[in-house]
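Before any comments, here is the structure.
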Amino acid sequence: MSRQRARAASIAGAGVRLLPGGGGAPLFSGGRRASTAVPGASRTGAGAGAGRAADRCGAGEPSQTPSTPPPPPPQGDEISAEDRDSQDFLLTYTVLQRFPRMSARRRHHFLLALLKQCDPGDMAMLYRTLPTLHRDFFVLLPRDLAHRVILHVPAGDLCTAAAVSRSWARIVREPELWARLYADLGLQAMCDVYYSPAQRLAANARRLHSVRNWVRGRFRARRTAAHRESVLALAYDGRFAVTASADRTCAVWDVRDGEKKRTLAGSEGAVNCVQFDQTKHVYGWKFLTGCLVIKCPAHSGAVTCLRYNSTILVTGSSDKTIKIW
């Protein structure tokens, strides 16, 4: 019954009135004369009365049945929250369906107009969301495919690629990648530690063991206050170590117990370099006695390096000269 009333209201809004007919058959009335034929019904009794009523309506006579006008559409604040949500959903769905079919120019104009309507809270949300939309294809690739991509990068650009991000740097520094690069260049694997085959096997093994301990951090550090100023150079012969300092002195140390054996003084300036060999001589001092053997004004600038054997001494200086003694 409610469905029939709704249909009657919609038809009445279009200028058509619904009148009751005999046997439940509806009669439509409008600007023209309308009639209906109901199977098995005659124009007698209620059916005839309905037919006569329809004839009178068609002839312009007023109908005895009052029509209910449709309710006016809600305006402004009269729209309920549920209706407003439905309208917003329909509008959003329509825009999402239409937006991909727009031209690039119209999409840009639409986005610009939409941004102008955003408040600071909306802009803050966009600022937080946009970085999450960035896709780093290089990190998302399987590691083997990433290596294949890097193999086509010139060697000079690998440092630039490593500086892009930490993820890129980890990929660029992987040993498997460099093994492939070496193989493509035709290079062979090299020993981790250089050693001379003429030396004894035990000595080589001991040296290799020491180097591996340094690399893997398997050592016990010992801290000693050696000098009053910065240590500028160090020499080591297996048991003793000699340090040169900016405080114009050199110190001889026993590496087994960390004890200072003696202090070598006599320099007029900072000691920038030092050398230690099996003859037990250190620069211009004699190791056994600690006496200053030679004091030579070699250069006009600081002496930064030196090498010597039993007969020749070579010195280099910051004055851009090398002298042989």
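Each residue in Thr92, Thr315, Thr263 was given a count of other beta-carbon atoms within 10 angstrom of its own, and listing them fewest first yields Thr92, Thr263, Thr315.
In terms of its C-alpha gyration tensor, region 137-185 has an oblate overall shape, because the principal axis ratio a/c (a ≥ b ≥ c, square roots of the eigenvalues) is not below 1.5 and a/b does not outweigh b/c. Under a 5 Å amide H cut-off, with hydrogens placed 1.01 Å from N, Ser245 pairs with Leu232, Val271 among residues at least 5 apart or on other chains.
Within region 143-162, which residues have the backbone N less than 15 Å from the label spot 7 Å out from Leu187 along Cα→beta-carbon, could you tell me? Output list for this probe position: 151, 154-159. Counted residue by residue at 0.36 nm each, then reduced by the alpha carbon distance between them, the extension gain from Glu268 to Met102 reaches 51.4 nm.
Residue separation of Arg222 and Ile322 scaled by 0.36 nm, minus their Cα-Cα distance, works out to 32.3 nm of gained length.
Just so you know, all these numbers are worked out from the coordinates, no wet-lab data involved. Remember, it's a predicted structure, so these values are computed and weren't measured experimentally. So basically every Cβ, Gly included, is an ideal-geometry build from the backbone, and we count neighbours across all protein chains shown.
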